[in-house]
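**Student:** Attaching a single structure in C-alpha cells format; questions to follow.
Where a number appears in this text, it was derived from the coordinates with a stated rule and is not lab data. All figures in this text were calculated on a predicted structure; none of them were measured in a lab. Positions of Cβ are backbone-derived with ideal geometry, glycine not excepted, and every protein chain shown enters the neighbour counts.
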Amino acid sequence: MSSKKPILITGSHRSGSTWVGKILATSPSVRYIPEPFNINHPRCSCGCNFNVWYQYISQDNEAIFYDHLKHTLGLSYDFGVLKIVNTPNPTLKRLMKSSKLLLRNILGIRPLVKDPIAFFSAEWLAKKFNMDVVVLIRHPAAFASSLKRLNWKFPFSHFLEQPLLMKVHLQPFEDEIKKHAAQEYDIIEQASLLWKIIHYWIGEHQKHHPDWIFIRHEDISRDPLGIFKKLFMQLNLNYTEKSEEIIKEYCYNYHDRNKNEYVDEMKRDSQSNIWAWKERLNFSEIEQIKNQVECVSSKFYSDEDW
C-alpha cells in the first residue's frame with residue numbers, strides 16, 4: 001500500500017470507527033477527518049452538504065459531490081464557500097488554516113476519513129480517490145444494544161429518497177424498508193434491519209474487494225495491542241511509542257463508569273466491553289435480534305458468539 005493514499009474507516013455506525021480512527025490518527029503522518037457525510041455536522045470545510053443518512057455516491061451522481069470531496073481529501077478548502085463579512089478576521093483565519101492544510105499535503109500527510117455514514121459510497125470513494133479502506137464489523141446484539149442505550153432511531157425514508165441506492169444495493173430489502181418508513185418500529189426491530197442491510201453488503205464487499213481490510217470489533221477488543229500494531233503495518237503508518245501508550249490507555253481502562261460523573265467514552269476495558277450487550281438486552285430481545293439477522297450474521301458470527 002502506498003504511504004500517501006487516503007484512508008477510509010467505515011462500517012455501520014456504532015461499530016467502533018471513532019475508537020479505531022482516533023488510535024490510527026496518533027500516527028504523525030495522518031490527519032483525522034471526522035464524518036463529512038454526517039448530516040448533523042455543520043457544513044464541512046470542503047463545502048459539501050449532505051441531506052440524507054448513508055448518502056450513496058456513484059458515477060451516476062458524482063458530479064454533485066466530487067469537487068467538494070476532492071478538496072477534503074486533498075486537505076484543502078473550497079474557497080467558493082467563503083463569505084464576505086464585515087470583519088476580515090474570519091476569512092483570514094480560514095485562509096491561514098487552508099495554507100497550513102496545503103502545506104501538510106505537500107509534506108505527505110494522509111487524510112484519514114472516519115465515516116461509517118459513507119459506507120454505501122465506499123466503493124466510489126476507494127476508486128475515485130485511490131483510498132485504503134478499513135471496514136469494521138460488529139456483533140448485531142452489540143450494535144442493537146448501543147442504539148437502545150442511546151435511543152438512536154433511524155429514518156428508513158432516507159433510503160427510499162435515494163432511488164440509485166435502492167436500485168443498486170437495497171432492492172432485496174425494499175419491502176422491509178418501506179414498512180419501516182411507513183411506521184415507526186421499536187428500536188430493536190430497527191437496529192436488526194439496519195444491521196442486516198449493512199452487513200449483507202459488508203459480506204458482498206469481502207467477496208469483491210480482497211484489498212480492503214475487514215476487522216471484527218470483537219477481535220480488536222480481545223487483542224488491541226496486537227491487532228492495532230498489525231493494522232498500522234497494513235496501512236503503512238508509523239507505529240510510535242505514543243500510539244502504544246494511547247492503545248493501552250484507551251483499551252485497558254478499568255474505571256467503573258458508575259463511580260465517575262464523566263469518563264471519556266473512548267476509554268474502555270475492551271475485553272469486557274465485548275459482552276456489555278448481555279447486560280443491556282433481555283433474553284427475548286437477544287432472541288429477536290438473532291432470528292431477524294441470522295441469515296447474514298452467520299457469515300460473521302457462530303452460535304458461540306451469542
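**Student:** Using only the alpha-carbon atoms, what does the range 172-306 span along each of its principal axes? Please give whole angstrom values in decreasing order.
**Tutor:** Taking the Cα atoms of the range 172-306, the three principal extents are 51, 44, 29 Å.
**Student:** I'd like the projected area of the range 98-216, averaged over all directions, using the convex hull of its alpha carbons. Report it in nm² with one decimal.
**Tutor:** Mean projected area for the range 98-216: 9.4 nm², to one decimal.
**Student:** Ok, one more. How far apart, in nanometres, would the label points at residue 272 and residue 223 be if each is projected 7 angstrom from Cα along the Cα-to-Cβ direction?
**Tutor:** 2.3
**Student:** Filter 4/70; 127/196; 153/179; 207/299; 4/127; 70/128 down to the pairs with a C-alpha to C-alpha distance above 21 Å, please. Can you show the working numbers first?
**Tutor:** Working: 4/70 15 Å; 127/196 25 Å; 153/179 15 Å; 207/299 12 Å; 4/127 15 Å; 70/128 9 Å.
Result: 127/196 exceed 21 Å.
**Student:** Continuing with the same structure: With a 10 Å Cβ neighbour count serving as the proxy for reagent exposure, in which order, fewest first, do 27, 284 appear?
**Tutor:** Least to most surrounded, the residues fall as 284, 27.
**Student:** I've got another one for you. Taking the Cβ of each residue in 4, 114 as the centre, tally the other Cβ atoms inside 10 Å and list the residues starting with the fewest.
**Tutor:** 4, 114
**Student:** Here is a follow-up. Please find the FRET efficiency linking residue 209 to residue 49, where r is the Cβ-Cβ separation and R0 is fixed at 41 Å, and quote it to the nearest 0.05.
**Tutor:** E(calc), rounded to 0.05, equals 0.90.
**Student:** Continuing with the same structure: For a quick protection proxy, order the peptides 154-161, 132-139 by their average other-Cβ count within 10 Å, most packed first.
**Tutor:** By packing density, highest mean first, the sequence is 132-139, 154-161.
**Student:** Expected output is a single nm value to one decimal: the length gained when fully extending between residue 303 and residue 279, i.e. 0.36 nm times separation in residues minus the C-alpha distance. What is it?
**Tutor:** 6.8 nm
**Student:** If you take the beta carbon distance between residue 181 and residue 241 as r and set R0 to 41 Å, what does 1/(1 + (r/R0)^6) give as a FRET efficiency, to the nearest 0.05?
**Tutor:** In this case the efficiency is close to 0.25.
**Student:** What order do you get for 293, 168, 52 when you list them from fewest to most C-beta neighbours inside 10 Å?
**Tutor:** Lowest count first: 168, 52, 293.
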